[in-house]
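Input: a single structure, listed below in structure tokens.
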Amino acid sequence: MFERSINNEALIKMVILRPMQQEDVEGVMAIETTVTEFPWTASIFSDCIKVGYGCWILDDEGSICGYGLISSSAGEAHILNISIKPERQGQKLGLRMMRHLIKQAKYLKCASVFLEVRVSNKRAIDLYNKLGFVKVGDRKDYYPATEGREDAHVMSLALITQPSA
Ligand SMILES: CC(C)(COP(=O)(O)OP(=O)(O)OC[C@H]1O[C@@H](n2cnc3c(N)ncnc32)[C@H](O)[C@@H]1OP(=O)(O)O)[C@@H](O)C(=O)NCCC(=O)NCCS
């Protein structure tokens with residue numbers, strides 16, 4: 001059968017990256033509420049689209065399998081959210097979305113891109129390390145947690161190297 005003869009890499013290539021639209025928010029929320037105990041609300045996604053942040057969808061023939069959001073100001077980009085549908089995790093879609101967001105930050109001539117990540121989120125931290133992000137600080141009690149609060153690592157990737165003096 002065709003589907004069996006196609007390898008994983010080919011299947012991933014069939015997934016397209018496209019801008020998020022207001023009509024996508026329901027599908028995005030279906031993923032958001034499964035990947036975290038403390039999901040964003042639909043109105044946060046909706047507002048991010050309205051204010052013109054970089055809001056991107058990984059679309060597999062009409063089915064949303066992930067999304068990523070990035071903002072930029074004063075020459076710095078901030079990755080606000082990246083999530084992949086649980087059944088599609090581990091297929092390099094997160095890597096693909098991250099590379100895309102970094103490309104967007106470069107296009108906007110940002111000097112660096114930063115993000116926050118739960119200190120317990122090993123999977124995401126591994127991905128960010130792999131892309132060259134380094135930990136530049138911590139934010140204490142940044143996230144809600146099942147018991148109390150959880151700290152965030154702040155991670156950063158330099159995009160423009162300063163000329164040496
Ligand atoms: C974190 C997340 C975005 C990664 O996306 P993904 O598509 O699963 O990751 P990829 O397949 O692109 O993997 C890229 C790298 O991430 C790391 N990684 C992926 N799955 C992993 C796992 N199960 N355990 C440890 N590291 C893992 C590895 O370094 C991997 O590289 P490798 O395959 O060469 O080992 C995804 O797991 C997710 O949506 N998680 C829930 C939401 C979330 O935590 N978002 C981040 C908030 S800061």
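Within region 40-66, how many residues are closer than 18 Å to Q89 by Cα and surrounded by 15 or more Cβ atoms within 10 Å (Cβ to Cβ)?
8
Could you go through region 89-110 and let me know if any residue there is within 8 Å of the ligand (Cβ to nearest atom), in contact (Cβ under 8 Å) with a residue 12 or more places away in the chain, touching a Cys at 6+ places or on another chain (Cβ under 7 Å) and within 23 Å of Q22 (Cα to Cα).
yes
What is the one condition in (1) part of a loop (DSSP other than H, G, I, E, B); (2) under 27 Å from V51 (Cβ atoms); (3) out of contact with any strand residue (DSSP E or B) (no Cβ under 6 Å at 6 or more places or on another chain) that C110 does not satisfy?
It fails just one condition, (3).
Of all residues being within 24 Å of E37 (Cα to Cα) and out of contact with any His (no Cβ under 9 Å at 6 or more places or on another chain) in region 130-141, which is surrounded by the most Cβ atoms within 10 Å (Cβ to Cβ)? Just the residue, please.
Taking the candidates together, the pick is D141.
Restrict the check to region 60-79 and report whether at least one residue is at negative phi and in a helix (DSSP H, G or I).
No, region 60-79 has no match at all.
Any residue at all in region 20-32 that is in a strand (DSSP E or B), within 16 Å of the chain's Cα centre (by Cα) and surrounded by 11 or more Cβ atoms within 10 Å (Cβ to Cβ)?
no
Enumerate the pairs (first residue in region 117-128 and under 13 Å from D151 (Cα atoms); second residue anywhere and more than 6 Å from the ligand (Cβ to nearest atom) and assigned to a strand (DSSP E or B)) with beta-carbon separation below 6 Å, excluding pairs fewer than 6 apart on the same chain, so at least 6 apart or on different chains.
What qualifies is V117/H153; R118/Y143; R118/E150; V119/D151; V119/H153.
Just so you know, all these numbers are worked out from the coordinates, no wet-lab data involved. Everything numeric here is computed off the predicted structure, so don't read it as measured data. All Cβ positions, even for glycine, are placed from backbone atoms using ideal geometry, and neighbour counts span all protein chains on display.
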